[in-house]
Amino acid sequence: MAREIAPSERMNDVDAVTQAVLTASRLLVAVSARSLAHVEDRVTLPQFRMLVVLSTRGTTKLVTLAELLHVAPSTAMRMLDRLITAGLADRKTNPNNRRETLLRLTDEGHRTVENVTARRREEITAIVQRLAPHQRTALINALTDFNEAGGEPPAPLLDETTGLHPLGWGG
């Protein structure tokens, strides 16, 4: 079990929080890597992040996608070219502005996001189930605040009957 930290130490020790977040980050990266294992011949972790952004945003301009991923447009275009070659994404010229390229996921791209996300969700669920209810509540509060401070939008909620996002893709 993790070492118990006094409440005053938790509130004042940025280093302790940073260390805890870095440790959790390692765990989540490991979960992410395992969830990508079945598609690693086609998709890297940064490419999967691009797929997720396209999945949540829908049809998107290249410049917007690059900004969301914090990469140069040329880098985003190289990543996208690999995803197009793999059959996971598609691009077309914007009919309203022929200088813009619009990007979207293919059906196979949506299925890839759904499958990888489902694997990730299963593993994270197994970890969370090991926590006591009061620990889960504390984790929800802490991670919600952390995500808001970092500017990350919430993950979509799942439909409890289908296990899918209301728009039809895995959460």
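Counting only heavy atoms of the protein chains and using a 1.4 Å probe, ILE124 has close to 60 Å² of accessible surface. Electrostatic bookkeeping for LYS61 treats Lys and Arg as +1 and Asp and Glu as -1; over the other residues with beta carbon under 15 Å from its beta carbon, the sum is +3. The modelled label-to-label distance between ARG111 and GLN129, using points 7 Å beyond Cα along the C-beta direction, is 2.8 nm. At the residue level, LYS92 shows approximately 110 square angstrom of accessible surface with a 1.4 angstrom probe and all protein chains present. When the charge dipole of segment 13-171 is built from unit charges on Cβ atoms (+1 for Lys and Arg, -1 for Asp and Glu) and taken about the Cα centre, the candidate among ILE124, PRO156, ALA66 whose Cα reaches farthest toward its positive end is ALA66. The candidates MET79, MET50, arranged from most to least accessible area with a 1.4 Å probe in the full protein assembly, appear as MET79, MET50.
Computed over protein heavy atoms with a 1.4 angstrom probe, the accessible surface ordering of LEU22, LEU143, largest first, is LEU22, LEU143.
The values are calculated or read from the model by the stated rules, or taken from the named source; none is laboratory data. Keep in mind that this is a model prediction, so the values were computed, not measured. Ideal geometry is used to build each Cβ from the backbone, glycine not excepted, and the neighbour counts take in all protein chains shown. What goes into the accessible areas is simple: the full protein's heavy atoms, side chains included, and nothing from ligands, DNA or RNA. Shrake-Rupley method; radii C 1.70, N 1.55, O 1.52, S 1.80 Å.
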